[in-house]
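Following: one structure in structure tokens, then a few remarks.
The values are calculated or read from the model by the stated rules, or taken from the named source; none is laboratory data. Model, not experiment: these values are computed from the prediction. Quick reminder, even Gly has a Cβ in these numbers, built from the backbone with ideal geometry, and neighbours come from all protein chains shown. All accessible areas refer to the heavy atoms of the entire protein, side chains included, with ligands and DNA or RNA removed. Shrake-Rupley method; radii C 1.70, N 1.55, O 1.52, S 1.80 Å.
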Amino acid sequence: MKKLIYKKYQRLMQIIDEFSAGDLSSNNFHPSIIKIKKKSNKVKIKARVFNDLGDDDTLDTRDFFTFRVPKGRELRSIKLNKYDNRSYGDNKGGGGWLAVSKGASIPDLNDPTGLIGGHLIGTAQGASAGDEILDDLEQEFQFGEAVVPALSPGQISGGKFTFWFQEGNFDTPNEAFVDYTLTFKFG
């Protein structure tokens, strides 16, 4: 019986593994497209991003991915399963950036009005490995004069949405990276 339940659970979980399937897109105009299978209720993404404040343009410093939430369903949870930035040494930084935009791309990375939610994740209390982070996106985020609006509960439903993840730290070498795993759950 346990084996049958596990196999059913496996069909409901879709895994996108950058380490075995190749890098997620670093182009905000052409994000990686993740097709949500009709019977999937979870998508797990495993990936790595390098320090985006270095001077090596060949490194994968941002991840952009988009998916269509099936009609009649909504995103109910984003769990940060893993956030490993040990490669940063003693200078861990202030956390990674996770943002979302409605549509199939994020046209202007410098204009927070194009986002429907965004927040720092990874090192903050309540937004670190093992935590539910959808609630963090449901809070307004301000840095300097820029303000990213709070994601409205239930807003990610029945349509295309693009996510942006990156990590950066001025005092860290180019080779520093974050390994992260996110699980998106739909209902």
Point to revise | Subset tally (residues that are out of contact with any Asp or Glu (no Cβ under 9 Å at 6 or more places or on another chain) and not aliphatic (A, V, I, L, M)) for the range 87-112 | key: 13
Check your understanding: Is there any pair linking a residue in the range 174-187 that is closer than 14 Å to G54 by Cα and at pLDDT below 95 to one that is assigned to a loop (DSSP other than H, G, I, E, B) and among the small types (G, A, S), with Cβ under 6 Å and at least six apart or on different chains, and which?
Key -> N174/G54
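Restricting the range 141-165 to residues that are out of contact with any Gly (no Cβ under 9 Å at 6 or more places or on another chain) and over 23 Å from N91 (Cβ atoms), which is surrounded by the fewest Cβ atoms within 10 Å (Cβ to Cβ)? Outline the logic, then answer.
Going through the range 141-165, the residues out of contact with any Gly (no Cβ under 9 Å at 6 or more places or on another chain) turn out to be 142-147, 153-154, 163.
Subset that is over 23 Å from N91 (Cβ atoms): 142, 145-147, 153-154, 163.
Working: Q142: 9, E145: 6, A146: 13, V147: 14, P153: 11, G154: 9, F163: 26.
Checked the range 141-165; the qualifying residue surrounded by the fewest Cβ atoms within 10 Å (Cβ to Cβ) is E145.
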Review point. What single numbered condition from (1) open to solvent by less than 50 Å² (accessible area, probe 1.4 Å); (2) part of a strand (DSSP E or B) fails to hold for N81?
Key: (1)
Point to revise | Residue that is nearest to P31 (Cα to Cα) [pool: residues in the range 166-180 that are part of a loop (DSSP other than H, G, I, E, B) and either among the hydrophobic types (A, V, I, L, M, F, W, C) or open to solvent by 20 Å² or more (accessible area, probe 1.4 Å) (or both)] | key: G168
Practice item. Working only within the range 120-159, note down all residues that are over 19 Å from D84 (Cβ atoms), of a type outside the set (V, I, T) and part of a strand (DSSP E or B). Key: F141, Q142, F143, A146, S157, G158, G159
Practice item. Hey, can you tell me all the residues within the range 87-119 that are assigned to a helix (DSSP H, G or I) and either at positive phi or free of Cβ contacts under 8 Å to residues at least 60 places away in the same chain (or both)? Key: P112, T113, G114
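Out of all the residues in the range 116-123, is one or more farther than 18 Å from G54 by Cα and either open to solvent by 40 Å² or more (accessible area, probe 1.4 Å) or over 17 Å from the mean Cα position of the chain (by Cα) (or both)? First the steps, then the outcome.
Pass one, the range 116-123, residues farther than 18 Å from G54 by Cα: 116-123.
Subset that is either open to solvent by 40 Å² or more (accessible area, probe 1.4 Å) or over 17 Å from the mean Cα position of the chain (by Cα) (or both): 120, 123.
Yes - at least one qualifying residue is present in the range 116-123.
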